[in-house]
Amino acid sequence: MAMPLLIIQVDFLVLCFQSKHQTIATLLHQHVAPKFSIYFGYFLCLASITGFTGGFYTIHLDKEEQWEFITKNFPQYLPNFQTLTHFDVYIKSPSLSLQLKAIIGGGFIVLCFYLFLIIDIFRMMAELRLKISAHRYKRHWEAIQNLLVQLAMSSFCLIPPSSVVVIIFLELENAQLLTELCIAWFAMHSSANVLSLVIFFPPYRNFVIKQLLL
């Protein structure tokens, strides 16, 4: 369940940045993406969710196979597994390695796309400042600032669980401990996101203060 939720969050952030980028691009009549490319981007977002989730499902062992694998290969850990309410076992295989490489490659592509959008948005905002009123410019800048805060905090909290892929792929020592730390770090996301908006995004901070004073 965590994998599709992680991908959905990344996809929605990409779509938010893309939407804001195109709003500014339309105002300046430059770098306006054709409709088909935008629809293709939507398709890629859906494909990434179904593709990666479906890929892991195909190499996933059912419960009976998981218990057989644990009993045969790691009997000393069987009592520990029996106390867990939910777990999944994946056997190292060419299919799993390919899936992990695809995730790493996809993450790199998304990172490059983020950097392109952010750099181009800042460049266009410098031009837009000379062409619209200060009030409208402030509204655009606040929206961008909000997205940047969301991106920063999402990166802060999503990089550790994403590094689980690297930990598994490289078969690092103390992988269990590192994985637990990554998952615990990911659990901070909601609280860290709200706290970062209060600190770095004045409109949200003012809204919170107003609600507290009611």
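So the values come out like this:
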| item | result |
| --- | --- |
| Among G106, P4, A143 the positive-end extreme of the charge dipole of the chain (Cβ point charges) | A143 |
| Cleavage-rule hits, trypsin sites (Lys or Arg not before Pro), segment 127-214, DSSP coil, Cβ neighbours within 10 Å at most 15 | R129, K131 |
| Most positive-pole-ward Cα, F43, M188, L212, against dipole of the chain from beta carbon charges | L212 |
| Relative contact order of the chain, defined on C-alpha pairs under 8 angstrom at six or more residues apart (%) | 22 percent |
| Highest-fluctuation residue, S37, S19, S48 considered, GNM on the chain with Cα pairs under 10 Å | S37 |
| Loop-resident sites, segment 136-214, for GluC sites (Glu not before Pro), counting at most 13 other Cβ within 10 Å (DSSP) | E171, E173 |
| Pairwise FRET efficiency - L172 versus T58, Cβ, R0 = 25 Å, nearest 0.05 | 0.45 |
| Residues whose placed amide H lies under 5 Å from that of L172, excluding near-sequence neighbours | none |
| Extension gain, I159 back to L15 (0.36 nm per residue minus Cα-Cα distance, nm) | 49.9 nm |
| Translational diffusion of segment 145-193, µm² s⁻¹ [Kirkwood Rh, Cα pairs; Stokes-Einstein; 37 °C; 0.692 mPa s] | 290 µm²/s |
| Sparse-neighbour loop sites [trypsin sites (Lys or Arg not before Pro); segment 1-102; at most 12 other C-beta within 10 Å; DSSP] | K92 |
| Nearest-20 debye value, segment 1-131 charge dipole, Cβ charges on Lys, Arg, Asp, Glu | 580 debye |
| Convex hull per residue volume in Å³, alpha carbons only, for segment 1-131 | 127 Å³ |
| Shape of segment 68-124, Cα gyration tensor, a/c cut at 1.5 | prolate |
| log₁₀ of I(q)/I(0) at q = 0.24 Å⁻¹ - segment 8-60, Debye sum with one point per alpha carbon | -0.91 |
| Residue-count net charge about H60 - beta-carbon cut-off 14 Å; Lys, Arg +1, Asp, Glu -1 | -2 |
| Estimated distance in nm for a label pair at R123 and F87, the labels positioned 7 Å out from Cα along Cα-to-Cβ | 5.1 nm |
| Rounded FRET efficiency, nearest 0.05, which uses the C-beta distance separating F200 from S133 and R0 of 25 Å | 0.50 |
| Exceeding the 24 Å Cα-Cα cut-off - candidates K63/K92; K72/K92; K63/K101; K20/K138; K138/K210 | K63/K101 |
| Principal axes of segment 133-214: Cα extent on each, largest first, Å | 55, 32, 11 |
| Debye, to nearest 20: dipole size of segment 133-214, +1 on Lys, Arg Cβ, -1 on Asp, Glu Cβ | 780 debye |
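Each reported figure results from applying straightforward, stated rules to the coordinates on display, with no laboratory input. Source: prediction; values computed, not measured. Glycine gets a Cβ as well: all are built from the backbone with ideal geometry, and neighbour counts include every protein chain shown.
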